[in-house]
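Asker: Dropping the structure in here first, questions after.
Coordinate-derived values only; no laboratory data. Computed from a prediction, not measured in an experiment: that's the story for all the values here. Positions of Cβ are backbone-derived with ideal geometry, glycine not excepted, and every protein chain shown enters the neighbour counts.
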Amino acid sequence: MKITGTFLDEISHDIPHQNWGAKEWRRDFEHMKAIGIDTVILIRSGYRRFITYPSAYLIKEQQCYHPPVDLVELFLQLADELDMQFYFGLYDSGKYWDSGDMQHEIDSNRFVIDEVWKNYGHHKSFRGWYLSMEISRKTRGATTAFRTLGLQCKAVSNGLPTLISPWIDGKKAVMAASAVITKEDAVSLKAHEQEWSEIFAGIQGAVDAVAFQDGHIDYHELDDFFAVNKKMADHFGLQCWTNAESFDRDMPIKFLPIKFEKLRLKLEAARRAGYDKAITFEFSHFMSPQSAYLQAGHLYNRYKEYLEEIKGAE
Amino acid sequence: MKITGTFLDEISHDIPHQNWGAKEWRRDFEHMKAIGIDTVILIRSGYRRFITYPSAYLIKEQQCYHPPVDLVELFLQLADELDMQFYFGLYDSGKYWDSGDMQHEIDSNRFVIDEVWKNYGHHKSFRGWYLSMEISRKTRGATTAFRTLGLQCKAVSNGLPTLISPWIDGKKAVMAASAVITKEDAVSLKAHEQEWSEIFAGIQGAVDAVAFQDGHIDYHELDDFFAVNKKMADHFGLQCWTNAESFDRDMPIKFLPIKFEKLRLKLEAARRAGYDKAITFEFSHFMSPQSAYLQAGHLYNRYKEYLEEIKGAE
Amino acid sequence: MKITGTFLDEISHDIPHQNWGAKEWRRDFEHMKAIGIDTVILIRSGYRRFITYPSAYLIKEQQCYHPPVDLVELFLQLADELDMQFYFGLYDSGKYWDSGDMQHEIDSNRFVIDEVWKNYGHHKSFRGWYLSMEISRKTRGATTAFRTLGLQCKAVSNGLPTLISPWIDGKKAVMAASAVITKEDAVSLKAHEQEWSEIFAGIQGAVDAVAFQDGHIDYHELDDFFAVNKKMADHFGLQCWTNAESFDRDMPIKFLPIKFEKLRLKLEAARRAGYDKAITFEFSHFMSPQSAYLQAGHLYNRYKEYLEEIKGAE
């Protein structure tokens with residue numbers, strides 16, 4: 001199973017920034033392309049007051065800071081040139097995390113979606129939307145909100161596809177700022193299926209693809225959860241992608257690049273489950289030859305060897 | 001607002017050591033110089049049993065370890081050569097942190113100050129003192145102790161200037177070893193002004209400059225706090241510097257280099273408040289092209305672009 | 001005191017993986033050799049489901065994952081070529097950590113030991129066994145289990161030596177995943193001696209060398225604890241090695257390379273106590289010029305200078 005997409009982690013919640021300029025970003029897109037990545041997904045266009053493009057709306061109405069560079073334009077130009085698809089991640093005001101109320105996200109993104117489509121929709125690489133608020137079993141109440149956002153994206157853009165990337169509430173579903181790496185009350189396979197069937201029913205038609213994060217469950221649980229995910233996705237007419245996390249959730253330093261063997265186990269499980277596409281969170285910190293984490297460059301090399309290996313096996 | 005000074009983080013509380021030798025330090029001073037840094041401030045000359053110079057007093061009387069190299073001499077020679085100003089940071093026995101009693105710091109530093117001035121005072125770059133015990137609102141009782149230490153430094157050195165770098169007790173004022181990154185009981189602007197006016201009144205005449213650490217409050221609070229700091233400093237005749245932290249307090253890894261946009265926001269706020277000088281904690285880990293954290297080299301490049309930008313705007 | 005051995009941290013509990021291939025491992029063994037390391041010790045051959053060699057037994061009976069590469073073969077070949085000694089670290093099922101019951105470790109390792117000796121025992125560099133379960137004062141009940149494992153290793157291999165590397169239950173003996181770096185209830189020197197005399201009596205004849213980890217006590221406690229360790233080892237006929245940890249336990253990031261001065265203090269204390277050999281945990285992350293942690297390369301250089309210094313002093 002090849003990784004053909006990656007998130008772009010601007011703006012980050014919890015991964016320290018690399019301070020790259022245009023030159024480094026160009027080189028990184030080239031590194032992505034070289035291993036077959038054809039899709040880049042902006043993780044979010046803004047978080048609280050920090051934003052990725054000079055949004056008149058967000059600066060004026062949400063007191064966001066004027067960004068030093070227009071990353072959306074930069075990423076779209078690079079994707080245009082290199083013939084990649086760009087998915088735009090919605091704005092995250094942070095208010096939902098604080099209050100549990102999605103109304104603010106719907107209201108502010110109504111403006112963001114229009115503004116972004118107007119300013120950047122002409123780029124040939126603008127090919128989809130990423131609903132950036134991370135839905136989970138605990139936020140089933142937010143299902144209709146996601147539906148609203150998805151439909152809004154599609155309405156302005158002649159039906160461009162929409163993507164979500166939720167997490168499985170497994171034993172490793174703990175906060176990055178927490179001192180622990182596992183918890184006791186992991187979700188059961190049965191509850192997962194029940195709850196997500198409800199959610200999928202609610203977002204059907206508004207969301208085209210679901211890419212569950214693959215890092216919250218144990219490696220021997222992958223097959224069972226992936227099979228259920230694929231079955232549900234098929235049933236509700238969603239594409240089933242995997243978000244193959246390339247950072248390691250099992251270590252006290254949160255987070256550094258994953259051990260290749262673990263990434264391979266997850267990709268192989270997605271292949272067995274017949275998943276449609278694999279993307280990763282994310283290339284630039286955890287798999288790039290120019291990452292500040294030098295382990296990432298070695299992961300890139302191990303992954304390239306794996307590509308040779310599966311090519312030989314075909 | 002240009003950064004014209006940096007701390008030298010030897011001995012460190014909580015930032016892992018880079019294990020540089022004389023060659024790396026020389027190169028780092030040259031990197032500093034290249035972006036306009038003219039002031040280096042030794043964060044402390046010793047902490048508990050680890051010390052930066054072979055102090056006869058500290059080794060004999062405080063059971064400190066004989067250091068493998070005389071960093072004070074090394075730093076002063078480099079500062080002499082490169083025409084920079086060196087501030088000497090006092091010894092921190094650690095006993096104050098444990099007991100809240102400053103008497104031990106006063107007693108031990110009486111000897112340290114004499115010894116250091118006798119051994120290193122001839123260097124032309126020896127241009128000031130840094131009172132390394134980090135005072136805050138919770139330690140107002142220590143005001144007279146700081147007064148004593150400041151006057152002592154000035155007395156032996158023909159009135160060389162003294163510097164302090166306290167923290168604002170904002171929402172990010174949590175211990176580095178703590179798992180969290182924010183707290184609930186942040187100080188109000190009013191309490192900050194009240195309490196620091198008291199402290200400034202107490203240290204007036206013994207301390208020449210105050211460089212508040214800028215990383216404990218939120219970015220949108222910068223203007224208010226900076227304005228109050230400047231007003232108080234002016235009122236009590238202190239120079240008002242900013243200690244622009246170049247590491248990121250918002251991330252679970254404590255600590256890696258800051259996102260350039262955040263550093264710029266803080267420097268711009270200091271400029272608007274009319275601050276006298278900007279220093280940083282600290283160049284060698286978080287902004288240096290040869291830092292073990294490669295994000296630091298990129299921050300260096302972004303900062304150099306910013307220097308061009310503000311030069312163009314002049 | 002020269003470091004002449006290092007652990008190989010595959011499979012890791014808590015140190016993020018570097019994703020090296022055969023090329024990087026060869027280069028690392030050469031870097032080790034260049035500073036006088038003649039012994040490499042596999043920290044464990046497997047942990048839970050991850051293993052270092054394609055063990056028919058562990059894959060079939062313990063549901064372990066088939067590893068992407070045979071690291072045991074790779075390490076033995078490199079050790080053969082470079083004339084180094086290889087110690088094989090036993091399998092750790094993780095069940096002991098969960099339940100406190102050693103029976104599972106004994107049962108599974110009975111097969112592992114036979115399998116490994118059969119498959120790899122012909123290598124001239126296969127020169128010892130490392131009993132990888134980390135014994136401590138809290139696990140005195142496990143003494144007979146360790147005895148059993150040690151005797152089993154020796155029986156199949158014509159008496160090849162066995163090694164353990166326990167920790168002193170000092171103030172820094174906290175879990176890596178914990179947010180703190182010290183604890184209150186450190187062991188006293190007297191209790192340490194009493195309890196370890198009991199353990200040494202129990203493993204006498206089955207274990208040849210003990211390498212206490214040197215990082216859990218404070219630097220000024222080294223001489224006292226090391227003297228007691230040496231006295232006990234001599235009394236019970238064990239070789240007394242030191243496991244000089246090359247990572248820093250005093251920092252919030254768990255873990256990065258240690259400050260050279262600290263490593264030197266620990267090595268000097270081992271020399272004063274008349275220890276037989278110094279090994280480190282571990283070279284490849286914390287002392288190697290090609291480590292992802294660039295501080296490690298500088299530590300390598302500082303350590304090489306130290307070798308020159310002690311050579312000059314001889």
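Asker: Structure shown: which of A:118/A:262; C:171/C:231; A:254/A:277 lie over 31 Å apart, alpha-carbon to alpha-carbon?
Answerer: Correct reply: A:118/A:262.
Asker: Continuing with this model, one more query. For chain B, calculate the relative contact order in percent as a whole number, restricting contacts to Cα pairs under 8 Å that are 6 or more residues apart.
Answerer: Result for chain B is 17 percent.
Asker: When the Debye formula is applied to the Cα atoms of the protein assembly as shown, each taken as the same point scatterer, what base-10 log of I(q)/I(0) results at q = 0.06, 0.08 Å⁻¹?
Answerer: After summing over all Cα pairs, the log10 values are -0.46, -0.84.
Asker: Can you put B:148, A:144, B:162 in order of Cβ neighbours within 10 angstrom, beginning with the fewest?
Answerer: A:144, B:148, B:162
Asker: Order by neighbour count: B:93, A:188, C:291, fewest other Cβ atoms within 10 Å first, most last.
Answerer: With the sparsest Cβ surroundings first, the list reads A:188, B:93, C:291.
Asker: Also, I was wondering about something else. Using the Kirkwood radius built from alpha carbon pairs, what does the Stokes-Einstein equation give as D for region C:251-314 at 20 °C and 1.002 mPa s, in µm² per second?
Answerer: It diffuses with D of about 170 µm²/s by this estimate.
Asker: Using +1 on the beta carbon of Lys and Arg, -1 on that of Asp and Glu, and nothing else charged, what's the dipole of region A:3-312 about the Cα centre, debye to 20?
Answerer: About 80 debye.
Asker: Same structure, new question: For A:17, B:31, which order do you get if you count the other beta carbons within 10 Å of each Cβ and list the fewest first?
Answerer: B:31, A:17
Asker: At q = 0.19 Å⁻¹, what log₁₀ I(q)/I(0) does a Debye calculation on the Cα points of region A:188-301 give, no solvent, two decimals?
Answerer: Those come out to -0.96, one per q.
Asker: If you wrap region C:160-253's Cα atoms in a convex hull and average its projection over all directions, what's the area in nm²?
Answerer: If I average the Cα hull's projected area over directions, I get 6.6 nm².
Asker: In nm to one decimal, list the spacings between the residue C:155 label point and its equivalents in the other copies, with label points set 7 Å along Cα to Cβ, shortest first.
Answerer: When each copy's label point is compared with this one, the spacings are 7.7, 7.7 nm.
Asker: I need the phi-derived Karplus couplings for region B:271-286: 6.51 cos²θ - 1.76 cosθ + 1.60, θ = phi - 60°, integer Hz, Gly and Pro marked x.
Answerer: Once θ is set to phi - 60°, the couplings for region B:271-286 become 5, 4, 7, x, 4, 7, 6, 10, 10, 9, 10, 9, 5, 5, 8, 10 Hz.
Asker: Residues with amide H under 5 Å of residue A:212's amide H, sequence separation 5 or more or different chain, H placed in the peptide plane at 1.01 Å from N; which?
Answerer: A:241, A:243
Asker: Let me ask something else. Have a look at A:239, A:301, A:260 and report the one farthest towards the positive end of the charge dipole of region A:201-314, computed about the Cα centre with Cβ charges (Lys/Arg +1, Asp/Glu -1).
Answerer: Most positive-ward Cα: A:301.
Asker: Using only DSSP helix segments of four residues or longer, with each worth -39500 (n - 2.57), what per-residue ellipticity at 222 nm results for the protein assembly as shown after dividing by its residue count and rounding to 500?
Answerer: -13500 deg cm²/dmol
Asker: Express the Stokes-Einstein translational diffusion coefficient of region A:1-159 in µm² s⁻¹, to the nearest whole number, given a Kirkwood radius over alpha-carbon pairs, 37 °C and a viscosity of 0.692 mPa s.
Answerer: For these conditions, the coefficient is 203 µm²/s.
Asker: If you don't mind, another one. Shielding of B:15-27 by partners, i.e. mean partner chain Cβ atoms within 10 Å per residue?
Answerer: 5
Asker: With θ taken as phi - 60° and the coefficients 6.51, -1.76 and 1.60, list the Karplus ³J(HN,Hα) couplings across region A:77-85 in order, rounded to whole Hz; mark glycine and proline as x.
Answerer: Per residue, the Karplus-derived 3J(HN,Hα) values read 4, 5, 5, 4, 4, 9, 6, 10, 9 Hz.
Asker: Mind checking the full-extension length gain between residue B:313 and residue B:204? Use 0.36 nm per residue of separation minus the Cα-Cα distance, one decimal, nm.
Answerer: Stretched out fully, the residue B:313 to residue B:204 stretch lengthens by 35.6 nm.
Asker: Based on Cβ point charges of +1 for Lys and Arg and -1 for Asp and Glu, what charge dipole magnitude is obtained for the protein assembly as shown about its Cα centre, in debye rounded to the nearest 20?
Answerer: Rounded to the nearest 20 debye, it is 100 debye.
Asker: Here's something else I'd like to know. Kirkwood Rh, Cα Rg: Rg to Rh for region C:3-312?
Answerer: 0.93
Asker: Got a sec to turn the phi values of region A:110-117 into Karplus ³J(HN,Hα) couplings, 6.51 cos²θ - 1.76 cosθ + 1.60 with θ = phi - 60°, whole Hz, x for Gly and Pro?
Answerer: Ordered by residue, 3J(HN,Hα) equals 4, 6, 4, 4, 5, 4, 5, 5 Hz.
Asker: Now for a different question. Going by amide H atoms built from the backbone, whose H comes under 5 Å of the H on residue B:170, apart from near neighbours?
Answerer: Here B:187 satisfy the definition.
Asker: What is the set of long-range amide H partners of residue A:13 at a cut-off below 5 Å, with H atoms built 1.01 Å from backbone N?
Answerer: Amide H to amide H, under 5 Å and 5 or more residues apart or across chains, residue A:13 pairs with nothing.
Asker: How big is the charge dipole of region C:175-274 about its Cα centre, in debye rounded to the nearest 20, if each Lys and Arg gets +1 on its Cβ and each Asp and Glu gets -1 on its Cβ?
Answerer: 300 debye
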